[in-house]
Amino acid sequence: DTIVLKIQQEEKDREKLRQAAKILRKGGLVAFPTETVYGLGANGLDPEATAKIYEAKGRPSDNPLILHISRREDLVPLVKEIPPVAEKLMECFWPGPLTLIFKKSALVPKRTTGGLDTVAIRMPSHPIAHGLIKEAKVPIAAPSANLSGKPSPTKAEHVMHDLMGRIDMIIAGPASNIGLESTVVDVTSAIPTILRPGGITYEQLKKTIGKIEIDKGIQEDLKETFKPKAPGMKYTHYAPSAPMTIVQGPRNAVIEKINKSTEEYIKQGKKVGILATEDNVKKYSKGLVLSLGKRDKPESIAANLFALLRQLDLEGVDVIFAEGITSDGIGMAIVNRMNKAAGHRIVQV
Ligand code: TXA
Ligand code: MG
């Protein structure tokens, strides 16, 4: 049975966090909110505990986990070395939505890193995540708390939907405010490389350290020839059950195309879901139209996206059309997740 612990404020609930931390120390699984998405935590230094994560999620065992820490000094025993560029990045973006890949120390079990000699580390800023990790007194391995292949959970109810009965505890706090996973940056390569776009943008990273590359395996036009370096990026992911198509192009052409396709599907007796930005919602007369958020406030789209994909599943739509989004700033992460959700079905009008 899964215990559901409701927490709204970390300070008032220290006792509850202690209870959760005790489960983690005993080798159990606890889902908890972070500023990016909800995580499914286990003691990252206990291979038997991390094995349970893979089982509960149905996650392939070669997909490595991120270790979450609450204090800068807790990094030292987990890694072989800390490159100067990592120091800079941690100073600017920790705690927060940035995960760094280091060479791992012998302390970190290969079960946690999917057999790799490197380890991913992040220090979340969310007060509940921070308090829980601090109380646990061990690094917490935590992937997103969804069933493998489903959109990451941004609300406690998403975690309950996927993992009720499969884990020991769910800390039900507020919705995650960023709504997309952390940016993963490999600092072991000569030039730091973004392996997964996320909450910290390419522009922010470039401004801080000057030189930064983007893994060829996650770049749309190069994907056919290069394999992504983050094992998790190669799996189908974030996918709603219904096939989704992204329509890109000038505003009016996009609206016209989606309206036309929607009409055709409805004639065939199909239920159509449409993901449109706030300013365009009223331009669609048929289908189930959901607002992604404001085009000039892409953070709102980031925060809504995963919940909307889950909602479309619950509504039982047969096909989904989504308006394309521009890929600067946080847009790079939004486009990356939307393309994956669409299985790269992208139409240019
Ligand atoms: O925001 C987040 O990062 C959330 C919250 C819970 O912290 N966690 C998360 O974990 O998204 P997960 O397991 O769903 O995604 C981790 C990603 C995967 O794509 C994985 O392949 C990659 O990071 N990764 C982990 N360790 C790695 C390593 N040593 N080398 C390369 N990629 C790694
Ligand atoms: Mg995940």
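List the lysines whose Cα sits under 16 Å from the Cα of Lys22, skipping any in the same chain fewer than 8 residues away.
By straight Cα distance, Lys22 reaches Lys134, Lys137.
Which of the pairs Lys52/Lys271; Lys257/Lys297; Lys80/Lys207; Lys16/Lys150 have their Cα atoms more than 31 Å apart in this structure?
Lys52/Lys271
Per residue, what volume in Å³ does the convex hull of the Cα atoms of the range 214-349 enclose?
107 Å³
From Cα pairs below 8 angstrom and at least 6 apart in sequence, can you work out the relative contact order of the range 244-349, rounded to a whole percent?
41 percent
Dipole magnitude of the chain about its Cα centre, charges +1 at Lys/Arg Cβ and -1 at Asp/Glu Cβ only, in debye to the nearest 20?
240 debye
Multiplying the sequence separation of Val4 and Val347 by 0.36 nm and subtracting their Cα-Cα distance, what value in nm do you get?
Answer, rounded to one decimal: 119.2 nm.
So how far, in whole Å, is the C-alpha centre of the range 93-125 from the one of the range 1-69?
What the calculation gives is 16 Å, centre to centre.
Please report the carbon-and-sulfur percent of the accessible area for the range 95-146; probe 1.4 Å, protein heavy atoms only, DNA, RNA and ligands left out.
C and S atoms contribute 60 percent here.
Which value, in Å² and to the nearest 10, is the accessible area of Ile3 when all protein chains are kept and the probe is 1.4 Å?
Only protein atoms counted, so the area is about 80 Å².
Given a 1.4 angstrom probe, what's the average accessible area per residue across the chain, in square angstrom?
That works out to 44 Å² for each residue.
Show me 18-26, 74-82, 197-205 ranked by packing, highest mean number of other Cβ atoms within 10 Å first.
Taking the mean over residues of other Cβ atoms within 10 Å, the ranking is 197-205, 18-26, 74-82.
Count charges around Lys137 for me, please; just the other residues with Cβ under 12 Å from its Cβ, Lys/Arg as +1, Asp/Glu as -1.
Around Lys137, the charge tally is +3.
Just by accessible area at a 1.4 angstrom probe, what is the order of Asp117, Asp13 from largest to smallest?
Ranked from most to least accessible, the order is Asp117, Asp13.
For Lys227, list the aspartates and glutamates whose Cα falls under 19 Å from its own Cα; do not include residues on the same chain fewer than 8 positions away.
Asp62, Asp117, Asp186, Glu213, Asp215
As a test of the formula, what do you get for the chain when each DSSP H run with n ≥ 4 contributes -39,500 (n - 2.57) and the sum is divided by the residue count, at 222 nm and rounded to the nearest 500 deg cm²/dmol?
One gets -9500 deg cm²/dmol as the mean residue ellipticity at 222 nm.
Provide, for q = 0.07, 0.10, 0.13, 0.14 Å⁻¹, the log10 of I(q)/I(0) from a solvent-free Debye sum over equal Cα point scatterers in the chain.
-0.29, -0.59, -0.98, -1.12
What percent antiparallel are the DSSP beta bridges of the chain, to the nearest 5?
Just about 35 percent of them are antiparallel.
Using a 1.4 Å probe on the protein chains only, how many percent of the accessible area of the range 202-314 belongs to carbon and sulfur?
Roughly 51 percent of what the probe reaches on the range 202-314 is carbon or sulfur.
What net charge is computed for the residues neighbouring Glu263, neighbours being all others with C-beta under 12 Å from the C-beta of Glu263, Lys and Arg scored +1, Asp and Glu -1?
Taking every Cβ under 12 Å from that of Glu263, the sum is +3.
To the nearest Å, what is the center-to-center distance of the range 160-175 and the range 295-349, using C-alpha atoms only?
After rounding, the separation between the Cα centres reads 25 Å.
Which shape class, rounded, prolate or oblate, goes with the range 270-337 when its Cα gyration tensor gives a ≥ b ≥ c as root eigenvalues, a/c under 1.5 marks rounded, and past that a/b bigger than b/c marks prolate?
It comes out prolate by the Cα gyration axes.
Please state the relative contact order of the chain as a whole percent: Cα pairs under 8 Å, 6+ residues apart?
Computed value for the chain: 19 percent relative contact order.
Tell me whether the range 96-190 comes out rounded, prolate or oblate; compute the Cα gyration tensor, take square roots of the eigenvalues as a ≥ b ≥ c, and use a/c under 1.5 as the rounded threshold.
Here the range 96-190 falls in the prolate category.
Give the Debye-formula value of log10 I(q)/I(0) at each listed q (0.15 Å⁻¹), with one equal scatterer per alpha carbon of the range 24-79, two decimals each.
-0.46
What are the DSSP H helices in the chain that stretch 18 Å or more along their long axis, judged by alpha-carbon atoms, and whose average Kyte-Doolittle hydropathy comes to at least -0.5?
Helix filter hits for the chain: 298-315.
Order the peptides 302-314, 137-149 from the highest to the lowest mean number of other Cβ atoms within 10 Å of their residues.
Put in order of decreasing packing, that is 137-149, 302-314.
Taking a 21 Å limit on the Cα-Cα distance, which of the listed pairs Lys88/Lys206; Lys57/Lys155; Lys234/Lys270 fall beyond it?
Exceeds cut-off: Lys234/Lys270.
At R0 = 25 Å, how high is the FRET efficiency between Lys88 and Asp117 if r is their beta carbon distance? Nearest 0.05 is fine.
0.60
The values are calculated or read from the model by the stated rules, or taken from the named source; none is laboratory data. Keep in mind that this is a model prediction, so the values were computed, not measured. For neighbour counting, all protein chains shown are included, and Cβ atoms are generated from backbone atoms with ideal geometry for every residue, glycine included. Heavy atoms of the whole protein, side chains included, go into the accessibility calculation; ligands, DNA and RNA do not. Shrake-Rupley method; radii C 1.70, N 1.55, O 1.52, S 1.80 Å.
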